[in-house]
1. Being among the hydrophobic types (A, V, I, L, M, F, W, C), modelled with pLDDT of 95 or more and crowded, with 18+ Cβ neighbours inside 10 Å: is that true of Ala196 here?
2. Can you tell me how many residues within the range 163-183 are within 17 Å of Ile125 (Cα to Cα) and within 15 Å of the ligand (Cβ to nearest atom)?
3. Is it the case, given these coordinates, that Glu222 is within 14 Å of the ligand (Cβ to nearest atom), over 18 Å from the mean Cα position of the chain (by Cα) and assigned to a helix (DSSP H, G or I)?
4. Tell me whether the range 7-30 contains one or more residues that are within 16 Å of the ligand (Cβ to nearest atom), in contact with a helix residue (DSSP H, G or I) (Cβ under 6 Å, 6 or more places away or on another chain) and more than 23 Å from Ala220 (Cα to Cα).
5. Hey, can you tell me all the residues within the range 62-83 that are within 16 Å of the ligand (Cβ to nearest atom), free of Cβ contacts under 8 Å to residues at least 60 places away in the same chain and touching a strand residue (DSSP E or B) at 6+ places or on another chain (Cβ under 6 Å)?
6. Gln210 versus (1) open to solvent by 10 Å² or more (accessible area, probe 1.4 Å); (2) within 16 Å of the ligand (Cβ to nearest atom); (3) at pLDDT 95 or above: which is the lone unmet condition?
7. Among the residues of the range 84-122, what is the count of those that are within 16 Å of the ligand (Cβ to nearest atom) and not in a loop (DSSP other than H, G, I, E, B)?
8. With (1) in a helix (DSSP H, G or I); (2) over 22 Å from Asn13 (Cβ atoms) as the list, and Ala237 as the residue in question, which single condition is left unmet?
Amino acid sequence: MRRKFVAGNWKLNTTLESAQSLAREVASAVAASSPSVDVAVCPPFPYLYPVKQVLAGSPVELGGQNAYHEKSGAFTGETSLEMLLDVGCQWVILGHSERRQFFGETDASINRKIAAAIDRGIGVIFCIGELLEDRQSGNTESVLTTQLQGGLAGFTSAQVAQLVIAYEPVWAIGTGVTASPDQAEAAHAFIRNWLASRFDAQLAAGLRIQYGGSVKPENAKEILSKPNVDGALVGGASLKSDQFLGIINAAAELAR
Ligand code: PGA
């Protein structure tokens, strides 16, 4: 049974003060209800360590939103996986569509980052998803295949087992338009079948696939109840503790 995993991607939002108070609210509610789901928050880099202080002793885990594959050196502006681990991260988001779209990340550069993350032993939330035009032209599956092939090139199934995949249709991110539960399920099932044929059935059955794209408390339960949807990567709604907790509770109800 795959344990559901709800992660909040705070993107380029919050201040030191609001990041800490948001983390405090999430941590205390999660500690009080101890839901049988995994929960993580992914604040901007400067707030990782202050948020870690707030999360101390709570089951809520910490993730970075990106990282560079090199350990150290003359790479101005970059953050290494070692640094994320050093400040207490268990997770890193890699390949988010905003990184692909605005910062030129490619399947090859994402593959290098995932390889480094696997090597360092940090959990990876590997994001894939099609553009609206891909979906409209019937190319969703070929786009997902290309992203999976490129991002996971050269890995064994034991290495891929360290990942969580986030299926995030780009047209649903931050738009208020959610993939229908059936659209999400179809994409997740496609990804799982691809993993079974490229790697093996055991890996495919155990790997968690989150859905991301305008997940809110109102739509969470319906999407999360689909058999191949194992959690959510939440942007906008993770910035308000009541909304994020509503999504966590929806996941927890299904896990019961
Ligand atoms: P959203 O973002 O929930 O605001 O649509 C999701 C994401 O980009 O991970």
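1. Values: among the hydrophobic types (A, V, I, L, M, F, W, C): yes; modelled with pLDDT of 95 or more: yes; crowded, with 18+ Cβ neighbours inside 10 Å: no.
No, not satisfied.
2. Narrowing the range 163-183 to residues within 17 Å of Ile125 (Cα to Cα): 163-170, 173.
Filter once more, so that each one left must be within 15 Å of the ligand (Cβ to nearest atom): 164-170, 173.
So the count comes out to 8.
3. Working: within 14 Å of the ligand (Cβ to nearest atom): no; over 18 Å from the mean Cα position of the chain (by Cα): yes; assigned to a helix (DSSP H, G or I): yes.
Taking the combined requirement at face value, the residue does not satisfy it.
4. Among the residues of the range 7-30, not one is within 16 Å of the ligand (Cβ to nearest atom), in contact with a helix residue (DSSP H, G or I) (Cβ under 6 Å, 6 or more places away or on another chain) and more than 23 Å from Ala220 (Cα to Cα), which makes the answer no.
5. Selection gives Gly64, Gln65.
6. (1)
7. Within the range 84-122, the subset within 16 Å of the ligand (Cβ to nearest atom) is 91-103, 105, 110.
Remaining after also requiring not in a loop (DSSP other than H, G, I, E, B): 91-94, 97-102, 110.
Total meeting the criteria: 11.
8. Just one mismatch for Ala237, condition (2).
The values are calculated or read from the model by the stated rules, or taken from the named source; none is laboratory data. In this text, all values refer to a predicted model and were calculated from it rather than measured experimentally. FYI the Cβ positions are ideal-geometry reconstructions off the backbone, even for glycines, and counts take in every protein chain you see. The area values use the complete protein model at the heavy-atom level, side chains included, leaving out ligands, DNA and RNA. Shrake-Rupley method; radii C 1.70, N 1.55, O 1.52, S 1.80 Å.
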